[in-house]
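As structure tokens, the structure follows; a few thoughts come after it.
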Amino acid sequence: MLKRIKDLSVCVCLLWVAGCSINPVTLESEFNVVSESKEVSIGRGADPQIIRQFGYYRNPALQNYVDGVGQKLVRVCRRNDIAYHFTVLDTEMENAFAIPGGYIYITRALLAMMNNEAELAGVLGHEIGHVVGHDSATLMSQSMIAQIAVLAGAAGAATGGASPELAAATSQLFNSVMLGYSREKEYRADEQSVEYVMKAGYDPMQMAAFLHTLSFSSQGYTGAQQYLTTHPYIFDRITRVESKAKVTYAMDNAMDQLQNRPGKSAGHGEIFADKYMSMMDGLAYGPKEGLRHIKIYTVAPGDSFESIARKTMGTSVQAKKLAQLNGLPEGSPLVPGIKIKTIY
């Protein structure tokens with residue numbers, strides 16, 4: 001027994017030494033025993049299990065739309081030598097997450113909380129940042145150092161269908177991701193997202209706007225608690241995203257002046273609010289038992305959240321929920337002609 005413990009200790013030490021690699025974002029050494037080929041294999045094997053657990057949202061147009069936004073960001077990210085897959089999950093849980101190998105998921109419930117395509121790009125860019133930084137692979141390596149044989153077996157089995165080893169590795173993987181990343185990794189993913197969103201032509205300030213929506217809604221009964229659990233430090237993230245966007249704009253403007261090009265101001269970039277709202281029309285909303293749907297409503301003169309709630313949801317009591325769904329305080333004045341989300 002003592003010999004086995006000694007052998008295991010030696011094995012763990014060797015794995016730690018052999019598993020140190022250079023993070024492509026920070027260029028610093030970190031422990032990661034999952035090679036890129038294993039990352040892809042693990043992701044490929046875990047993907048069908050995640051879809052079985054949460055459900056695949058059967059709306060081809062929406063799936064293609066989300067994938068299209070994601071692929072725009074992939075083309076400008078720092079790690080685009082692997083295939084990325086973007087999937088909308090059919091669950092009322094508000095969340096987005098990435099697993100090794102470029103597999104990124106967003107739930108229909110989180111989509112319902114967004115108000116434009118630039119906000120979607122910000123969330124997907126954040127998850128791409130985790131893939132670029134090998135964050136989930138590193139998390140797995142650290143949490144599975146005593147179970148590394150299971151991980152290796154799972155990677156080998158991933159192309160050959162489900163296996164007990166693969167199921168164990170997938171469970172470990174998902175548990176690790178759902179625990180959330182460190183403050184440093186969350187900030188790093190946000191910084192990358194600002195970079196990718198800007199390069200893809202979107203307004204990065206919408207990232208901060210969506211985080212504001214989450215922080216506001218989390219104070220009410222419709223709060224996005226799951227997203228905030230796996231993506232913590234939201235108020236620090238808002239400040240940092242806004243600062244990063246402003247600094248990046250300032251640097252770009254300095255280069256523009258040197259090259260006699262017109263400068264840009266903070267808030268520059270596409271938002272595509274109407275396009276996004278059209279994709280949300282009819283989106284499933286809430287738990288599958290008693291399922292409801294999103295309906296896009298065009299604000300009329302004199303409308304308020306209270307009157308719209310009464311008109312579309314049958315009671316003005318739902319005004320606060322309706323306002324939170326649109327990322328606004330309940331008493332916000334509404335501009336005639338704008339589109340908002342309601343529930344029917």
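Taken together, the residues in the range 63-88 that are under 12 Å from the mean Cα position of the chain (by Cα) and farther than 20 Å from Gly201 by Cβ amount to 2.
The helices (runs of 4 or more DSSP H) located wholly in the range 51-138 that include 2 or more residues which are of a type in the set (D, E, K, R) occupy 60-74, 117-132. Evaluation of Pro48 against the conditions (1) at pLDDT below 85; (2) more than 30 Å from Gly201 (Cα to Cα) shows that the sole unmet condition is (1). On the basis of being under 22 Å from Ser215 (Cα atoms), in contact (Cβ under 8 Å) with a residue 40 or more places away in the chain, outside the structural domain of Glu94 (by TED's automatic domain parsing) and buried (at least 18 other Cβ atoms within 10 Å of the Cβ), does Tyr285 make the cut? Judged against the criteria, Tyr285 is a match. Just one of the numbered conditions (1) at pLDDT below 70; (2) of a type outside the set (A, V, I, L, M, F, W, C); (3) assigned to a helix (DSSP H, G or I); (4) within 25 Å of Ala323 (Cβ to Cβ) is not true of Gln257: (4). If you go through the range 201-219 one residue at a time, do you hit one that is surrounded by fewer than 20 Cβ atoms within 10 Å (Cβ to Cβ), at pLDDT 85 or above and in a loop (DSSP other than H, G, I, E, B)? There is at least one residue in the range 201-219 that is surrounded by fewer than 20 Cβ atoms within 10 Å (Cβ to Cβ), at pLDDT 85 or above and in a loop (DSSP other than H, G, I, E, B). The one condition from (1) touching a residue at least 12 places away in the same chain (Cβ under 8 Å); (2) closer than 23 Å to Asn59 by Cβ that Gly290 does not meet is (1). Scanning for something over 26 Å from Tyr65 (Cα atoms), at pLDDT 95 or above and not in a strand (DSSP E or B), does the range 272-294 turn up at least one residue? No, the conditions are met nowhere in the range 272-294. So how many residues does the range 297-344 have that are surrounded by 12 or more Cβ atoms within 10 Å (Cβ to Cβ) and assigned to a loop (DSSP other than H, G, I, E, B)? Summing the residues that are surrounded by 12 or more Cβ atoms within 10 Å (Cβ to Cβ) and assigned to a loop (DSSP other than H, G, I, E, B) in the range 297-344 gives 12. A search for C-beta distances below 6 Å between a residue of the range 82-99 that is assigned by TED's automatic domain parsing to the domain that holds Lys288 and surrounded by 17 or more Cβ atoms within 10 Å (Cβ to Cβ) and any residue that is of a type in the set (A, V, I, L, M, F, W, C) and assigned to a strand (DSSP E or B), counting only pairs 6+ apart in sequence or on different chains, returns nothing.
The values are calculated or read from the model by the stated rules, or taken from the named source; none is laboratory data. This is a predicted model, so every value here is computed, not measured. We place every Cβ from the backbone using ideal geometry, glycine too, and count neighbours over all the protein chains shown.
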